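What follows is a short report on a single structure.
Derivation of every value follows stated rules applied to the coordinates shown; laboratory data play no part. What you see is a predicted model, and the numbers here were worked out from it, not measured in a lab. Glycine gets a Cβ as well: all are built from the backbone with ideal geometry, and neighbour counts include every protein chain shown.
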Amino acid sequence: MSRIFPVLRTSCFHNPTVIFSSPTPNIYTTTKCSLNIPKEKKKRKKTNQNNSGKVSPTTVDIDMNWRQSLGQRFNWGGIVEVLGGGGGAETGRLAIPHLSVPDIRWIDWKELERLGFRGVVFDKDNTLTAPYSLSLWPILSHSLRQCQLAFPGRVAIFSNSAGLYEYDPDGSHAKALEESIGGVHVIRHGIKKPAGSAEDIEKYFGCAASHVIMVGDRHFTDIIYGNQNGLLTILTEPLSLSQEPFIIQQVRKLENYLVTRWHQQGLKPPNHSLLQENMQCIKAPDL
Ligand SMILES: [Mg+2]
């Protein structure tokens, strides 16, 4: 009898659930059970408050104009790439992550390193920080430290805001972010996710993209980018929807609607060779 491994899947449309999967990462069965997501997580999603009840920290967008800020997150390229492809099976598969978790605390970094991965790239906004913020979302600090211990010197941010030449031409935003979140390098690059190759990532880590993990909160940017370049993809729930413009929230709903539909149609993410034997890379968070 084959072993059964739990895989977390979440969606803006559903309460978080655990779906039990076979050892092959792309095979999901329908057995579900409730998952005890910490109550403070649910509260923060709507209130934009941290553990102390205060409004989330530093924002850096005061001098950003509205169009630029919106453009970073409302990536028409990502939408067009998926829908322009007819929303068919191939594009649908690329939008489905290998793993989905509520946030990075649920990721077992040691296990991923043991499986052979050599580096981790994070999206920034709503994955590590609130939108427009330079500060790490407070409750994620322990997990990020665990990640840095498992992948010393091999943890980076690959963002459509900080480090993207279009919006951060002199790299000042990237540098400020590196200073704010110690020990995490911001990869400078020229093309917005999901477009572009993994050349900059491979150059930074010195290994093939297939040995790198992409963690992000958006199907049409982070996940498509990661899957089409051969990375392992892990989707997180957004940290703070209240700080996103209304239109972005609607796009996010569209993404989730399409991906849920593709998933129900039986589409699977691309195979990843390092995950064929073992899916035990998700754990209950240290609270
Ligand atoms: Mg994001």
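Could you list Val186, Val251 in order of exposure, starting from the residue whose Cβ has the fewest other Cβ atoms within 10 Å?
Fewest-to-most ranking of Val186, Val251: Val251, Val186.
Relative to the present Cα-Cα distance, how much length would full extension add between Ile191 and Arg114 at 0.36 nm per residue of separation?
24.6 nm
Using mean Cβ contacts within 10 Å as the protection proxy, how do 164-172, 210-218, 121-129 order, highest first?
In decreasing order of mean packing, 164-172, 210-218, 121-129 become 121-129, 210-218, 164-172.
Convex hull volume of the Cα atoms in region 131-243, per residue, in Å³?
Considering the Cα atoms of region 131-243, their hull volume per residue is 103 Å³.
Using unit Cβ charges (K, R positive; D, E negative) and no other charged atoms, how large, in debye to the nearest 20, is the dipole of region 85-242 about its Cα centre?
Charge dipole, region 85-242, about its Cα centre: 280 debye, nearest 20.
Counting Lys +1, Arg +1, Asp -1, Glu -1, what net charge surrounds Ala89 among other residues with beta carbon under 13 Å of its beta carbon?
+2
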